[in-house]
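The values are calculated or read from the model by the stated rules, or taken from the named source; none is laboratory data. All of these numbers come straight from a predicted model, not from anything done at the bench. Counting neighbours? That spans all protein chains shown, and the Cβs are built from the backbone with ideal geometry, glycine included. For the accessible areas, the whole protein counts, side chains as well, though only heavy atoms, and no ligand, DNA or RNA atoms are used. Shrake-Rupley method; radii C 1.70, N 1.55, O 1.52, S 1.80 Å.
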Amino acid sequence: MEREWLFSLIPLTIGVLFLSFGVYGLRRADVLRRRGVTAGARIVRHDVRRDDDGAAYHHPVAAWTARDGRTYEHSSRFGRGTVGRDFGVGAHVVVRYDPDNPRRFAIEGWDTRGVDQLFTVLGSLLTVGTVTVLLVRLLTL
């Protein structure tokens, strides 16, 4: 294999990683849609995480009582740069959680499938595009 072929591994790797992340998120959302239970919750705080550039992302922490009477408090996997009144500390929200694994939950109105769909589409395009280019190159040698 010639050296320039190795550069095609970069978009292929990025594509597979994006595709994996997107499919994981979509499957997780599907499990919540099928088996999830809704509960009233309250935003108790925001976990603020910073990226390498110093930008702050607010991940709301929801607290709710499950059907079995236990109280859970978990941080959303999605963060945003700004938080509106609807998701501020003390706001009442609805969560959908998996009764078998309450850490798997989504705050309705905050956690969207759009990010997972975007990663799935971009990952698919990068993966299929790179594999197509590699196959054309192999067949035309």
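Descriptive notes on the structure:
- When the chain is described by a simple charge dipole with +1 on each Lys and Arg Cβ and -1 on each Asp and Glu Cβ, the residue from Gly114, Ser76, Gly129 located farthest towards its positive end is Ser76.
- Most mobile of Pro102, Pro60, Pro11 in a GNM of the chain (Cα contacts under 10 Å): Pro11
- In nm, spacing of pseudo-spin labels at Thr82 and Val115 (7 Å Cα→C-beta vector): 1.8 nm
- Carbon/sulfur fraction of accessible area - region 1-66, other protein chains in place, 1.4 Å, %: 56 percent
- Phi-based couplings in Hz for region 26-41 (Karplus 6.51, -1.76, 1.60; Gly and Pro marked x): 5, 5, 4, 5, 5, 4, 5, 5, 7, 10, x, 10, 8, 8, x, 9
- Other-chain or far-sequence residues with amide H under 5 Å of Val93's (modelled H): Ala41, Arg42, Ile43
- Heavy-atom accessible area per residue - the chain, 1.4 Å, Å²: 65 Å²
- Charges were assigned to the Cβ only: +1 to each Lys and Arg, -1 to each Asp and Glu. The resulting dipole of region 1-140 about its Cα centre is roughly 460 debye.
- Viscosity 1.002 mPa s, 20 °C: Kirkwood-radius Stokes-Einstein D of the chain over Cα pairs, µm²/s: 123 µm²/s
- More than 18 angstrom apart: percent of Cα pairs within region 78-141: 61 percent
- Across region 10-18, computed HN-Hα scalar couplings (Karplus, 6.51 cos²θ - 1.76 cosθ + 1.60, θ = phi - 60°) run 5, x, 5, 5, 4, x, 5, 5, 4 Hz from first to last residue, x flagging Gly and Pro.
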